Amino acid sequence: MTNYKECPHCGEVINYKATKCNKCSKELPLQKYKRINSKKVLEIAKKALFFIVIVNFLAFTIPLLTQSVGKPYAKAKAYVTVAKTINAMYIFPLSQVFGYKNILAKPFYPARDYFYNKGISLYPKDEGEREIQWFREKIKCCSHGKMS
Ligand SMILES: [Zn+2]
């Protein structure tokens, strides 16, 4: 069992969090394997974080560069692109795995909506693309489920 350890002085079985033995009241050495484990976990977490940061950076940068730079309404497109990337990277996959009412995807909705609305507001009111962007996202939304 991982919740208990043996006192190295008297052999008493005690809670693994205890720093003193309750039988012989001697100081207990920190469990070495535990420290190594948490270090390893930290190392793996660091690698995972690095990977996640890189993947996210690319996932947001590549569409931004290809969708907005040098195109008309670049700023509006950039915002909408970020919203779409949030959909593609987080909301759709999370919803597909955990269902549309899952809490995991919820924090991404306000962010997605903020970028989407901001982008749409930057299009001129009579610009047809504004409608197209909305229409496209609606189609995507409804083939995947409810949007917000
Ligand atoms: Zn002891």
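Summary of values
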{"quantity": "FRET efficiency for Thr19 and Lys106, using Cβ-Cβ distance with R0 set to 41 Å, rounded to 0.05", "calculated": "0.50"}
{"quantity": "Estimated Rh, region 4-114: Kirkwood, alpha-carbon pairs, angstrom", "calculated": "18.5 Å"}
{"quantity": "Low-density loop cleavage sites - trypsin sites (Lys or Arg not before Pro) in region 13-74, where at most 15 other Cβ are within 10 Å (DSSP)", "calculated": "Lys17, Lys23, Lys26"}
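Read-outs throughout are calculated quantities, based only on the coordinates presented, and are distinct from any laboratory measurement. This structure is a prediction, so every number in the text was calculated from the model and none was measured. Virtual Cβ from ideal backbone geometry, glycine too; neighbours counted across all protein chains shown.
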